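In what follows, a single structure is set out as structure tokens and then discussed.
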Amino acid sequence: MEMIRLCVVADNMPVIFLSSRVHPGESNSSWVMAGTLNFLLSEDGRALREMYVFKIVPMLNPDGVINGNYRCSLTGQDLNRVWLNPSPDLHPTIYYTRGLLHYLSVTGRKPFVSTLNKFSRRGWL
């Protein structure tokens, strides 16, 4: 596989971290993430790529999605409830994502974090 460089990355560029699909039932968040990725990879997104480093996890719960769960992982746990103490064996996506966020913070590159979790009802607006 060949790596394609989309822009020059400098150590002082701010970091934006995006994630989605921690709950398998939030399928519309996959569409939001797909649109975000399409934009960032387009010529229109070049200006943002030149100003920021993007760290993106498009699906935090792929096992739950593949198996048709609505809110849980394969271990039957809501992954949003294990962020404080994730297990590398039971919650690997959360464990390693948390590790990345911690690493960025301790190296002085504290990211702007946004989760693209979407619900189908509008009552919270």
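The values are calculated or read from the model by the stated rules, or taken from the named source; none is laboratory data. Being a predicted model, the structure only gives us computed values, none of them experimental. Reconstructed Cβ throughout: ideal geometry from the backbone, glycine too, with neighbour counts over all protein chains shown.
At a glance:
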quantity	calculated
Some residue of the range 87-99 being part of a strand (DSSP E or B) and touching a residue at least 60 places away in the same chain (Cβ under 8 Å)	no
Failed item in (1) at positive phi; (2) in contact with a Pro (Cβ under 8 Å, 6 or more places away or on another chain), with residue 30 passing the rest	(1)
Members of the range 31-64 that are without any contact (Cβ under 8 Å) to a residue 60 or more places away in the chain and of a type in the set (S, T, N, Q)	38, 42, 61
Failed item in (1) outside any strand (DSSP E or B); (2) in contact with a strand residue (DSSP E or B) (Cβ under 6 Å, 6 or more places away or on another chain), with residue 17 passing the rest	(1)
In the range 91-117, residue surrounded by the fewest Cβ atoms within 10 Å (Cβ to Cβ) [restricted to those that are closer than 21 Å to residue 26 by Cα and hydrophobic (A, V, I, L, M, F, W, C)]	113
Answer residue from the range 54-74, given it is over 14 Å from residue 19 (Cα atoms) and surrounded by 14 or more Cβ atoms within 10 Å (Cβ to Cβ) and is farthest from the chain's Cα centre (by Cα) among those	69
Residue tally, condition surrounded by fewer than 17 Cβ atoms within 10 Å (Cβ to Cβ) and either modelled with pLDDT of 95 or more or within 30 Å of residue 13 (Cβ to Cβ) (or both), over the range 75-88	6
